[in-house]
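Report on the structure given below.
Read-outs throughout are calculated quantities, based only on the coordinates presented, and are distinct from any laboratory measurement. Here the structure is a predicted model, which means the values were calculated and not measured. Cβ sites come from the backbone with ideal geometry, for glycine too, and all protein chains shown count toward neighbours.
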Amino acid sequence: MNVFMKLPFNLPFGKKVKTEYFFGFLLRDEKINAVVFEETNKVLKICGEHEEQLSTTLNEISYEELLQLTDRTLSMAEESLPDGVETQKTIFGVKGDWVDKSQITKEHLTKLRKLSEELNLSPIGFLVISEAIIHLLTLQEGAPVSAILIEIGRTHITASMVRAGKVLETHTQTIENSASQTTDKILHHFTNYEILPSRILLFDGERGKSLQQEFISHSWSKSLPFLHVPQITILPAQYDVQAILYGTATQMGFEIGSGELEHVKTNGKRIHEVVASGAIEEVEEVVKHSPASSNDFGFVVNGDIETVKGMMKKPELKAAKETQETNEIQEPREETNFEEVQDLPDTHTSTRKGRINFAKFSSIISALPLGSITKNLTRLPKKVLGFLPSMPHSGKPILILGGIIIFIIAMAFFYFTMISATIIIFVTPKSIENIQTIIFSPQQPTDLAEKRIFVETINVEKEGNLSGPATGTKEVGEKAKGNVTIISSLTSEQTLTEGTSITSSNGLLFTLDNAVKIASSSGLSDIKSITASITAKIIGKEHNLPSGTKFSVGTFDRSSVEAKNDTAFTGGSKKEVTVVSQKDVDRLLAELPKSLQPKAQDEIKSKVSSDRELLIGFFKTTIVDKELSKKVSEEAASVNLKATISFEGFSYKKDDAKQLFAEILKQNDSSMTLSGDSISYSAKSSKQEKNGDTKIEMSIKGGLVPKIDQEKLTAQLTGKSFDDAIGQIIDMPQIADAKISLFPPIPFLPKNLPRMAKNIHVVITYQ
């Protein structure tokens, strides 16, 4: 993934000015930073900054608290702006888990849109903070970085795997005991790499030296695949801010101002010296190879965010229109199609100087400056009678006048009885979330009170094979053999059983190949002896002992029983070979089902009827049959697994889930109703019960809208002007906009609703 995303190369700032300001806003896991960038003559520098700590993690903090902290942070940073200068253009620095396939995920994109809308910001792009850090470090060191980036917060640690300058994988965990011990545990999650980079980059910003010493003295788990003890490097404080500065400058074609990044060194040189040497141009070439569009970011390009359709409501309509007319900058505009943006509470008041808190905007069809139908029609005969004096004096004028009067009466009757109006009301759902444990049971029927949904099981089997290299090792070879003479001075007969230990004078172990008997001795002058064959206990050439080596026998004292060899021992050998390890087999058993799952999932989906839904992400996998080409510990260069895998999926009735989830969401406010098919859900955790049920903790989200009594509303609006009717409608809660049209569309008719309620039709549209 390119470090720089969604930032246009040539930003359309409108009229060319000498100095331009814009925000850099960094959302870290436990804190947020607002930075004010100043650009003068293509030179970029930081002129202000403020930091706020979060009460919890960024993903757990409530939106209201995040909004307040963001407002305060931007306001404090904004104090560095010159008097009378304001800026709205903003570059966001986001966490890596907020981005998927170079796009901010829908959930977090909606949150950024809300923040931008509430605080009157104009987003122009974003950068991934961890990737920006690696980019700057790569620029400093002159080569792509391979390391483990450790970001340490107050309560959480985030570890990112970096290979060749790219962030490949990231894991986060709550701090336990110490930062180093927690990091040790996190590293065990990186299972897709045979070797871990022997370099750890620590980014804390506060406890740099103490943390570095802690990590240096830490004894890493032997199971972690480090080639050697990792090198610990501590990144300077505010390195993330410096990385965003450099990433922004690179993307926008700016230089870094003198004095910026003075504390960051590269091979004895300051960063700005590296830039001057041409390193920044090389980075720009990389960015140009994969340009990013700010349209992909999902925000307005070259336009004010408050002018997007459907983003202002109620009394702010008129103020927004007047403000736009008086303060509009003549810049080229591009239209961007917004996705649905959920409504926000109207309780927050921005503290940023000079800001108007625009909540919603929409166009209103202005009422034409016409009077009532009576006034218009009474004017019509006068205009016609102006022509009568030129007509012959006969009864024709009277006939003409009578015809006109009849026409007027007919038109009035038509207007009051036949004209119909359609009112389109645009409602913004109120987003709510409810976390509940739902039981998905293949045994018991659906029960809304028990929060249980019956599921049908769908089974498919897939055959496949997968090969992989053998990575185990073991020593193989032969055991040394030879003959010894056993000498005994014992006065009683002794039997030495097969396997009796024979130990050489240098401590090497041998065993008797066969049982032997030693005759009794009558004294020192009557020593008994017997020849026996022995074999080394383990393989190895070190057991090839020379002749004349003395041995102890079993537990006997050498003064009474001993042995020696008259000829040298031979045959001992040893070498290391590659064998199949249990880890190799386990890896194939894990990867083969994954490789077959897409086809199995497609087949299961094809068996689900249109009125049912597949429980996504929950597949039971069972290995029915397996065959290995090599056994564990068997010498081989590779091993092949052939297996039959059973996949089991679960489907449920759409209506069952919809009804249950609707009941759960409506518990928040019984006066509201759900907006169309706005329900969505995601699984947070699951637990398999012994009876076959699956308990899933689910995050259920939906949009609640007010219940609109259409009959009562039409009765209240009969005969009202369009302006009055629209004003009354948008004063209702969660109404973003309203539009009125008459049928047939007769040009000279006044813009008033019919006086008969049955001729008014209301259409509700959810945004």
Going by average Cβ density within 10 Å per residue, which order do the peptides 443-450, 212-219 take, highest to lowest? 212-219, 443-450
How do W98, W220 rank when sorted from fewest to most other Cβ atoms within 10 Å of their own Cβ? W220, W98
Loop-located trypsin sites (Lys or Arg not before Pro) in segment 625-700 whose Cβ has at most 14 other Cβ within 10 Å (DSSP): K631, K690
Peptides 73-81, 606-614 ordered by average Cβ neighbours within 10 Å, highest first: 73-81, 606-614
Give the dimensionless ratio obtained when the Cα radius of gyration of segment 566-638 is divided by 2.2 N^0.38 Å. 2.04
List the trypsin sites (Lys or Arg not before Pro) within segment 94-142 that fall in a DSSP loop (any state other than H, G, I, E or B) and whose Cβ has at most 13 other Cβ atoms within 10 Å. K101
Any chance you could tell me what percent of the C-alpha pair distances in segment 478-573 go past 19 Å? 35 percent
Net length gained if the chain between Q597 and T491 were fully extended (0.36 nm per residue, minus Cα distance): 30.5 nm
For segment 616-633, in residue order, the Karplus 3J(HN,Hα) values (coefficients 6.51, -1.76, 1.60; θ = phi - 60°; whole Hz; Gly and Pro = x) are 5, x, 10, 10, 8, 10, 9, 8, 7, 8, 8, 9, 9, 6, 9, 7, 4, 6
Expected vector for segment 464-469, Karplus 3J(HN,Hα) from phi with 6.51, -1.76, 1.60 and θ = phi - 60°, integer Hz, x for Gly and Pro, equals x, 9, 8, 10, x, x
Taking amide H positions as placed in the peptide plane 1.01 Å from N, state which residues far from S581 in sequence (5 or more) or on other chains have amide H under 5 Å from it. T471, G472, S633
If amide H atoms are built 1.01 Å from N in the plane of the peptide, which residues on other chains or at least 5 residues away come under 5 Å of the amide H of V43? E255
Exactly which GluC sites (Glu not before Pro) in segment 657-747 are in a DSSP loop and have at most 12 other Cβ atoms within 10 Å? E689
Among the listed pairs K451/K701; K451/K599; K658/K739; K106/K658, those beyond 27 Å (Cα-Cα): K451/K599; K658/K739
Could you give the semi-axes, largest first, of the ellipsoid that matches segment 143-237, computed as the square roots of 5 times the alpha carbon gyration tensor eigenvalues and rounded to whole Å? 18, 15, 13
How would you order 51-64, 127-140, 723-736 from highest to lowest mean count of nearby Cβ atoms within 10 Å? 127-140, 723-736, 51-64
Amide H contacts under 5 Å for E562, restricted to residues at least 5 apart in sequence or on another chain and with H modeled in the peptide plane, are I487
Give a residue-ordered list of calculated ³J(HN,Hα) values for segment 699-711 (Karplus: 6.51 cos²θ - 1.76 cosθ + 1.60, θ = phi - 60°; whole Hz; x for Gly, Pro). 9, 9, 10, x, x, 9, 10, x, 6, 9, 7, 5, 5
